[in-house]
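To start, the structure itself, in structure tokens.
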Amino acid sequence: MTDRSKRNIVPPAERESFRGTLANLNPFDAGIISFFNHFARRSWAFDHLVVLSSSYLFRVAGIVPLIWWAWFRDGEESTKKRDILAFGMMSCLFSLAVARILSLSLPYRERPLHDPSLHFVLPHGQTNHALIGWSSFPSDHAAVYFTVATCLFLVSRRAGIFAMAWALLVTTLPRVYLGFHYPTDILAGALIGVLMGLLSKIEKARQAVTGILMWWQKRAAGSFYAAFFLYSMQLATAFDSVREFGVFLAAVGTHAIQLLH
């Protein structure tokens, strides 16, 4: 047996310990986590492929480009469709905010890869240093991308179905395999995203969010599309830099309050 083969083998006792602790989870989460984790560290290539699929490039490759395709597909005649797409783009921030508020307000839920009681078997290429201290419920990635996928569905059924399948199979499901989320985290985030996206069907809600944007697009298309491109980059990274800036501002505010006292 080669050295690599030995490294791919997880001791049976460790896997049995993992199955035993799953009894503390609800049956839905326990069954899916157990099924996925059964394949961890059995194939170096497969594990690294899943890690690669969770990168920004693959995570949004089937979603963000579709926004641009749908935006220009019918030209200037697709005013209502552009309203819906713009709503989806902007309401992603609301979906992210709702997910973060719930995450901070609800009881803390340790991520599978950080929960020592689970004895979660880390796939090859995955470390347990990411997202320490961040509650796993609900998934803000699912909330963000299912918002866009829902609005795409309202504009083009085929594009929307493809985007939803991509959001589930490529964007969020690998995060379950890698131990970032439980399946119910993904479902809760997806529900937030779908409900937020469906608000685009309400004309008053849509105009309240997109009215200024569409006026900007008609009056100054150059600056609008420059900003639209930059915003697409933020969407492609699930607003990671925005969240990091928010954490920075919170830390500065906390430090300022401490100095005043």
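The table below gives the values:
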quantity: Subset of segment 30-45 that is in a helix (DSSP H, G or I) and touching a residue at least 40 places away in the same chain (Cβ under 8 Å) - its residue that is surrounded by the most Cβ atoms within 10 Å (Cβ to Cβ); calculated: ASN37
quantity: Conditions (1) modelled with pLDDT of 90 or more; (2) within 13 Å of the chain's Cα centre (by Cα); (3) more than 19 Å from ARG100 (Cβ to Cβ); number of the one not met by GLY160; calculated: (2)
quantity: Qualifying residue in segment 127-143 (condition: of a type in the set (Ser, Thr, Tyr) and either more than 15 Å from ILE186 (Cα to Cα) or part of a helix (DSSP H, G or I) (or both)); calculated: yes
quantity: In segment 126-183, the residues that are under 18 Å from ASP240 (Cα atoms) and among the hydroxyl-bearing types (Ser, Thr, Tyr); calculated: SER135, SER136, SER139, TYR145, THR147, THR171, THR172
quantity: All positions within segment 226-249 that are open to solvent by less than 60 Å² (accessible area, probe 1.4 Å) and in a helix (DSSP H, G or I); calculated: ALA226, ALA227, PHE228, TYR231, SER232, GLN234, LEU235, ALA236, ASP240, SER241, ARG243, GLY246
quantity: Residue check, LEU173 in contact (Cβ under 8 Å) with a residue 12 or more places away in the chain, in contact with a helix residue (DSSP H, G or I) (Cβ under 6 Å, 6 or more places away or on another chain) and open to solvent by 10 Å² or more (accessible area, probe 1.4 Å); calculated: no
quantity: Subset of segment 52-76 that is out of contact with any Ser or Thr (no Cβ under 8 Å at 6 or more places or on another chain), part of a helix (DSSP H, G or I) and open to solvent by 40 Å² or more (accessible area, probe 1.4 Å) - its residue that is farthest from THR184 (Cα to Cα); calculated: GLU76
quantity: Segment 82-112, residues that are open to solvent by 50 Å² or more (accessible area, probe 1.4 Å) and within 30 Å of GLY31 (Cβ to Cβ); calculated: VAL98, ILE101, LEU102, LEU104, SER105, LEU106, PRO107, TYR108, ARG109, GLU110
quantity: Residue satisfying condition, being touching a residue at least 40 places away in the same chain (Cβ under 8 Å) and either over 12 Å from the mean Cα position of the chain (by Cα) or in a loop (DSSP other than H, G, I, E, B) (or both), within set LEU195, LEU213; calculated: LEU213
quantity: Residue check, ALA188 at pLDDT 90 or above, assigned to a helix (DSSP H, G or I) and exposed (fewer than 14 other Cβ atoms within 10 Å of the Cβ); calculated: no
quantity: Those residues of segment 221-241 which are at pLDDT 90 or above and of a type in the set (Gly, Ala, Ser), in sequence order; calculated: GLY222, SER223, ALA226, ALA227
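The values are calculated or read from the model by the stated rules, or taken from the named source; none is laboratory data. Everything numeric here is computed off the predicted structure, so don't read it as measured data. Reconstructed Cβ throughout: ideal geometry from the backbone, glycine too, with neighbour counts over all protein chains shown. Accessible surface is based on the protein model in full, side chains and every heavy atom, while ligands, DNA and RNA are left aside. Shrake-Rupley method; radii C 1.70, N 1.55, O 1.52, S 1.80 Å.
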